[in-house]
């Protein structure tokens with residue numbers, strides 16, 4: 001079966017999106033969610049070390065889910081994904097996910113784009129997810145592209 005770049009992109013984007021939700025909502029622990037953003041972001045007490053460990057554990061389990069999903073999709077859909085592109089795309093996802101999950105980038109974005117009222121009314125979680133989805137879209141482009 002021949003897989004076009006567009007079809008490969010669609011399958012990769014769908015896989016990354018499904019695994020995003022699994023990684024962020026099914027595999028993330030309460031400890032990770034509470035402590036990953038950094039000491040300055042919350043009222044709970046923890047060390048900066050604890051915060052970075054929580055973030056690293058979350059990013060690791062999240063991207064293990066992505067890698068597993070991509071392996072399964074590649075096998076069952078015959079996507080012929082190039083390992084170097086998968087590694088590069090997952091690396092883009094990991095770097096952006098870790099940055100976004102520190103939460104200050106979301107606050108900064110909302111406060112500098114006229115959305116501080118929306119942020120204060122609880123909109124940060126929506127902006128957080130929008131940024132994650134933009135990053136996943138970019139990761140899917142990297143993974144699905146041809147070397148030609």
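The values are calculated or read from the model by the stated rules, or taken from the named source; none is laboratory data. Source: prediction; values computed, not measured. Ideal geometry is used to build each Cβ from the backbone, glycine not excepted, and the neighbour counts take in all protein chains shown.
Mind checking which pairs have a first residue in the range 17-46 that is on the phi < 0 side of the Ramachandran plot and exposed (fewer than 12 other Cβ atoms within 10 Å of the Cβ) and a second that is assigned to a helix (DSSP H, G or I) and at pLDDT 95 or above, Cβ under 9 Å, 6 or more apart or different chains?
Every condition considered, the pairs that remain are 26/65.
Which of (1) loosely packed, with under 13 Cβ neighbours inside 10 Å; (2) in contact with a helix residue (DSSP H, G or I) (Cβ under 7 Å, 6 or more places away or on another chain); (3) outside any loop (DSSP other than H, G, I, E, B) is the odd one out, the single condition residue 135 does not satisfy?
(1)
Looking at (1) surrounded by fewer than 17 Cβ atoms within 10 Å (Cβ to Cβ); (2) over 18 Å from the mean Cα position of the chain (by Cα), which one does residue 119 not meet, given that it meets all the others?
Looking at each condition in turn, residue 119 falls short on (1).
Is it the case that residue 130 is modelled with pLDDT under 95 and on the phi < 0 side of the Ramachandran plot?
On the way: modelled with pLDDT under 95: no; on the phi < 0 side of the Ramachandran plot: yes.
Answer is no for this residue.
Which ones in the range 100-122 are at positive phi and either part of a helix (DSSP H, G or I) or touching a strand residue (DSSP E or B) at 6+ places or on another chain (Cβ under 7 Å) (or both)?
Step one: of the range 100-122, the residues at positive phi are 103, 114, 122.
Matches in the range 100-122: 122 only.
Step by step: first the residues of the range 71-112, then only those that are within 15 Å of residue 129 (Cβ to Cβ) and without any contact (Cβ under 8 Å) to a residue 24 or more places away in the chain, then the one that is surrounded by the most Cβ atoms within 10 Å (Cβ to Cβ). Which residue is that?
Across the range 71-112, the extreme among qualifying residues is 110.
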